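What follows is a short report on a single structure.
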Amino acid sequence: MSTTQQPPRADSRTPAEQQATAKRPAAVRYSTWAFEFYRSALGKKYVMAITGVIGMAYIFGHMIGNLKIFISPESIDAYGEWLRESLLYPILPHQVALWGIRLVLIAALVLHVHAAYALTVINRRARPVKYQTSRDYIAADFAARTMRWTGIIVLLFIGYHLADFTWGWFNPGFERGSVYRNAVASLSNPVVALFYITANLALGVHLYHGAWSLFQSLGVSRPRFNRWRRVFATAFAVVTIGGFISVPLAVLLGIVE
Amino acid sequence: MKLTLHVWRQNSPTDAGRFESYTAADISEDMSFLEMLDQVNEQLIADGIEPIQFEHDCREGICGSCGVMIDGRAHGPQRGTATCQLHMRQYSDGDEITIEPWRAAGFPVIKDLVVDRSAFDRIIESGGYVSVPTGAAPDANLIPVPKETADRAMDAATCIGCGACVAACPNGAAQLFTAAKVSQLNMLPQGRPEKLERVANMVDTMEQFFGSCTNVRECEASCPKEISIDFIAMMNRDYLRSRFSSNGA
């Protein structure tokens, strides 16, 4: 019999929890419930879904704003100015809302990518020996099976897009604040325009699965209404990507110049 | 009819394994898939070759022993059917059939087509039961259960634990099995007192052995009992509650 260190009752934690807590230093052991939740794969799926919803809300607003390019150069330039300087002003000082949104988006993107990476590692380990013959998938569609690849394409695109329109590195004759001019200057190059269109199609494929999948991950399921989840995801992907692609297409076709 | 089989042969868990090809002659269309394998094994024994090891028991689609990967599909080409209920009338003369064991870290191959599915037992042990005090059996219908709820719980309870969901999942995830085993109890009044502890423990055990769900629905399409992924959403919801509640595990 060992002496005083033994707890009086049987440990109610699962073996995994016992093992996990035994290996980690004391400071980490008393982490918050949020960290504990994120440590589980299922918790990571919740984080992917919630950060996905944040991203979807953002890109939908982004797409609506882009359409102002079809009204007039002044319209979209004034809209850009308002977003940067006057959003929620005078409730908040200038640029505070802008930076608030930026920080939320950066945090969401980092978490989304980290969760995706961690889950991919888990899933690779879960099948160390692959099937030796080709799989005959019944239900897994193209979008579902290419989430990692469309995700990487979108991630690279976000980097390019910021360098193009926010930092101006790749934008010929970049003028901060001249949204219309910068858009036309960049998208007049057919290679750039085709790259934007391709990346947006990848985003659309990503959304086609993601906007449906998030309901499952968040546990939003009412059998009578579940077919509407598919309708929503398809409509969201088509409308959002249609709106985005209309801009480079219009520049390519000379409608916007 | 005459068929060519490409069967995974592996002598032991540590053996690398390889495909061997055999001819299955004089196969009747009325045979089940397993009876076809039985006949091939009779021939192999007669030829002095070690017979193909495969797991089977009830041969009526309720025990969950017999799952194998047939031409890249769990339990073969017919939907909603375990391997034992697949019949050779699905095939025609001259067909080639490839047979592989389930492949997942949680299901190590023991020999040929037989895998060790005891990881499922670990999941059940961690919460797939209702704790009841000893004593006389309670009267039937003592606890009212709405018919719709009982039906849905029974839909989950049709899971035979064959492992096709894991085998079919591109991520080797056991979400559908675990969700069925959690939900069949969590939906009913008898299972409700331990609901949150159950889901937390069973999910945590599941994650020790298996991958993570990406909602591709391959499990649902491969399940011989056609169990719905709605139960996975239900499990996700219960798991979140268990993590938020003050008395959860």
Within the range B:196-214, the count of residues that are at the interface with chain A (Cβ under 7 Å from one of its Cβ atoms) and under 30 Å from A:Leu207 (Cβ atoms) comes to 7
Can you tell me which condition A:Ile255 does not meet? The list is (1) at pLDDT 95 or above; (2) over 20 Å from A:Met147 (Cβ atoms), and all the others hold. (1)
Please enumerate the residues belonging to the range B:1-44 that are without any contact (Cβ under 8 Å) to a residue 24 or more places away in the chain, β-branched (Val, Ile, Thr) and either touching a strand residue (DSSP E or B) at 6+ places or on another chain (Cβ under 8 Å) or surrounded by 11 or more Cβ atoms within 10 Å (Cβ to Cβ) (or both). B:Thr23
Of the residues that sit in the range A:206-238 and are of a type in the set (Val, Ile, Thr) and touching a residue at least 12 places away in the same chain (Cβ under 8 Å), which one is nearest to A:Ile59 (Cα to Cα)? A:Val238
Odd one out for A:Asp77 among (1) of a type in the set (D, E, K, R); (2) assigned to a helix (DSSP H, G or I); (3) surrounded by fewer than 15 Cβ atoms within 10 Å (Cβ to Cβ): (3)
Go over the candidates A:Ala211, A:Ala185 one by one and state the one that is closer than 24 Å to A:Gly151 by Cα, surrounded by 17 or more Cβ atoms within 10 Å (Cβ to Cβ) and of a type outside the set (Phe, Trp, Tyr). A:Ala211
Residue set B:Ala164, B:Ala180, B:Ala168; condition among the small types (Gly, Ala, Ser), away from chain A (no Cβ under 12 Å) and touching a Cys at 6+ places or on another chain (Cβ under 9 Å); output residue B:Ala180
Count, please, the residues in the range B:1-31 that happen to be under 20 Å from B:Ala104 (Cα atoms) and not in a strand (DSSP E or B). 8
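Each row is one residue, and each column tells you yes or no for (1) in contact (Cβ under 8 Å) with a residue 40 or more places away in the chain; (2) within 14 Å of chain B (Cβ to nearest Cβ); (3) in contact with a Lys or Arg (Cβ under 9 Å, 6 or more places away or on another chain); (4) not hydrophobic (A, V, I, L, M, F, W, C).
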| position | (1), (2), (3), (4) |
| --- | --- |
| A:Ala49 | yes, yes, no, no |
| A:Gly52 | yes, yes, no, yes |
| A:Gly55 | yes, no, no, yes |
| A:Ile59 | yes, no, no, no |
| A:Gly65 | no, no, no, yes |
| A:Phe70 | yes, no, no, no |
| A:Ser75 | no, no, yes, yes |
| A:Glu81 | yes, no, no, yes |
Odd one out for B:Ser21, checked against (1) within 27 Å of B:Cys159 (Cβ to Cβ); (2) within 14 Å of chain A (Cβ to nearest Cβ): (1)
Criterion (touching a helix residue (DSSP H, G or I) at 6+ places or on another chain (Cβ under 9 Å), in contact (Cβ under 8 Å) with a residue 24 or more places away in the chain, outside the structural domain of B:Arg103 (by TED's automatic domain parsing) and surrounded by fewer than 24 Cβ atoms within 10 Å (Cβ to Cβ)) met by exactly one of B:Ala153, B:Ala173: B:Ala153
Among the residues of the range B:98-136, the number that are among the aromatic types (Phe, Trp, Tyr) and away from chain A (no Cβ under 13 Å) is 2
Considering only the range A:85-94, I want to know if a residue exists there that is of a type outside the set (S, T, N, Q) and part of a helix (DSSP H, G or I). yes
Looking at the range B:215-248, which of its residues are of a type in the set (Gly, Ala, Ser) and facing chain A (nearest Cβ under 7 Å)? B:Ala221, B:Ser222, B:Ala233
Residue list for the range B:218-237, filter: surrounded by fewer than 23 Cβ atoms within 10 Å (Cβ to Cβ), free of Cβ contacts under 8 Å to residues at least 60 places away in the same chain and of a type outside the set (A, V, I, L, M, F, W, C): B:Glu220, B:Asp230, B:Arg237
Of the residues in the range A:119-148, how many are in a helix (DSSP H, G or I), in contact with a helix residue (DSSP H, G or I) (Cβ under 8 Å, 6 or more places away or on another chain) and surrounded by fewer than 16 Cβ atoms within 10 Å (Cβ to Cβ)? 2
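Quick check: is even one residue across the range A:151-165 within 14 Å of another protein chain (Cβ to nearest Cβ) and farther than 20 Å from A:Ala250 by Cβ?
Initial filter on the range A:151-165 (within 14 Å of another protein chain (Cβ to nearest Cβ)): A:151.
Applying the additional criterion that residues be farther than 20 Å from A:Ala250 by Cβ yields A:151.
Checked against the condition, which is being within 14 Å of another protein chain (Cβ to nearest Cβ) and farther than 20 Å from A:Ala250 by Cβ, the range A:151-165 yields at least one hit.
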In the range A:121-141, what residues are more than 7 Å from every other protein chain (Cβ to nearest Cβ) and either in contact with a Ser or Thr (Cβ under 9 Å, 6 or more places away or on another chain) or closer than 21 Å to B:Cys223 by Cβ (or both)? A:Asp141
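The values are calculated or read from the model by the stated rules, or taken from the named source; none is laboratory data. Owing to the predicted nature of the structure, the values given are computational and were not obtained by experimental measurement. Counting neighbours? That spans all protein chains shown, and the Cβs are built from the backbone with ideal geometry, glycine included.
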